[in-house]
């Protein structure tokens, strides 16, 4: 599960990096929030780092389950996934896995994902994943408020607006060029549905690679924005009256031997006409079975649930999924089968998700659906936003959690979560998220002051 290269392989990689001008190696893992952490060593020290020389006090990090008296954890860089920083080529970024006493440390979410992938492997499956990256490019006013950097980006429906796209060309060009130069296969980028919001779409890859790329992309977007005096944020809902940042997970399983997409079939061979195999429907059924619990890791912040509303302060529907349901190209479902079939898309994932944690849980849920041959029922093809409560209940469509508190309660009450994460990681996630919710509840917002200070 954790690959330590031979000395000859490390020598080869070290020489290749040195020839490219690399001086430093950044071994990076993520905490429970998906935030990168790590140490930097001179490239001459790569041999030592590759064998787990760099130690960390786990208690100094969020969600790694350690106390002040515990032994240190180590990190082992994954040398198959090295990325040379496009903006600082002297540095090579290396996603890393944690170990304790030389064994995989299961509270590391990248290690967890690899363990669930091993379960898929035992069933003959690999997982492909594509993550849609939505991000706001903002500037800070003197009063501290955040606004789109283009003052003319004011359309009520700015989606696909070419003028605002061109007004942000410098940052967009640096992002697009880097994504392509890294070999990720950028195939589209555009102005998204909110003022100051953009989306980058690049080729899917195996699950670990896609999670690594999403983690790196967030760091890269922020760095390029900072160099222009701006802020790139993946915050789920920075503005109450604008669409939020999603990070939709596009998923399929493939045959490990033939590499064939096991979700793909002709629409005419699918009784529902979506171009999805029985295996794909079973996977979706597993995801829906655990949909409320999964929402806690797809949408892991207080702010996430200000995105997951039908309309809110917006003059039109938000596109955000609020129902635990599936359908074809119908974006009012939480799980969508895009046109052409062959994959399913979890739409409640947002920019705050830890991709490794979310991917591990959703894959495990899908595998359960396959093992138990679950049936998700008929796809929902109507605009679910417009259903009455009676119509919704008649169809058996439930809501996803509407607050972080509801999501954590669902997460805590689903035995499946402990089966996948283990007791310690489950407890860590619940503890951090309960603290976040309680801290939020204790805070007094500007809205409250404005509403109540002169009323009472």
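The values are calculated or read from the model by the stated rules, or taken from the named source; none is laboratory data. Remember, predicted model here, so these are calculated numbers, not experimental data. No Cβ is skipped: glycine too gets one built from the backbone with ideal geometry, and neighbour counts run over all protein chains shown.
A few points about this structure:
- Considering residues of the stretch 86-114 that are in contact with a helix residue (DSSP H, G or I) (Cβ under 8 Å, 6 or more places away or on another chain) and in a loop (DSSP other than H, G, I, E, B) only, the residue surrounded by the fewest Cβ atoms within 10 Å (Cβ to Cβ): 87
- Tally, over the stretch 369-401, of residues that are within 19 Å of residue 308 (Cβ to Cβ) and at pLDDT 95 or above: 2
- Among the residues of the stretch 187-228, those identified as buried (at least 17 other Cβ atoms within 10 Å of the Cβ) and either without any contact (Cβ under 8 Å) to a residue 12 or more places away in the chain or part of a loop (DSSP other than H, G, I, E, B) (or both) are 192, 193, 194, 195, 196, 204.
- Listed conditions (1) surrounded by fewer than 20 Cβ atoms within 10 Å (Cβ to Cβ); (2) under 20 Å from the mean Cα position of the chain (by Cα); (3) assigned to a loop (DSSP other than H, G, I, E, B) are all met by residue 154, apart from (2).
- Lone unmet requirement of (1) part of a loop (DSSP other than H, G, I, E, B); (2) touching a strand residue (DSSP E or B) at 6+ places or on another chain (Cβ under 6 Å); (3) over 27 Å from residue 358 (Cβ atoms) for residue 69: (2)
- Residues in the stretch 378-392 that are under 18 Å from residue 337 (Cα atoms) and more than 27 Å from the chain's Cα centre (by Cα): 378, 382.
- The condition of being over 19 Å from the mean Cα position of the chain (by Cα) and over 27 Å from residue 336 (Cβ atoms) holds for only one of 426, 395, 442, that being 442.
- Flag if residue 65 is touching a helix residue (DSSP H, G or I) at 6+ places or on another chain (Cβ under 9 Å) and on the phi > 0 side of the Ramachandran plot: yes
- Taken together, 446, 439 contain a single residue that is modelled with pLDDT under 95 and out of contact with any strand residue (DSSP E or B) (no Cβ under 8 Å at 6 or more places or on another chain), which is 446.
- Listed conditions (1) in contact (Cβ under 8 Å) with a residue 40 or more places away in the chain; (2) not in a loop (DSSP other than H, G, I, E, B) are all met by residue 268, apart from (1).
- Of the residues contained in the stretch 38-54, none is found to be closer than 23 Å to residue 358 by Cβ and free of Cβ contacts under 8 Å to residues at least 40 places away in the same chain.
- Lone unmet requirement of (1) in the same structural domain as residue 367 (by TED's automatic domain parsing); (2) over 23 Å from the mean Cα position of the chain (by Cα); (3) assigned to a strand (DSSP E or B) for residue 128: (2)
- When the stretch 229-256 is filtered for residues that are in a loop (DSSP other than H, G, I, E, B) and either over 14 Å from residue 135 (Cβ atoms) or free of Cβ contacts under 8 Å to residues at least 12 places away in the same chain (or both), the ones remaining, listed by number, are 229, 240, 241, 256.
- Pair list, Cβ < 6 Å and 6+ apart or interchain, from the stretch 418-438 residues that are in a helix (DSSP H, G or I) to residues that are surrounded by fewer than 16 Cβ atoms within 10 Å (Cβ to Cβ) and modelled with pLDDT of 95 or more: 426/418
- Candidate set: the stretch 237-261, residues that are crowded, with 18+ Cβ neighbours inside 10 Å and over 30 Å from residue 370 (Cβ atoms); chosen: the one nearest to the chain's Cα centre (by Cα): 245
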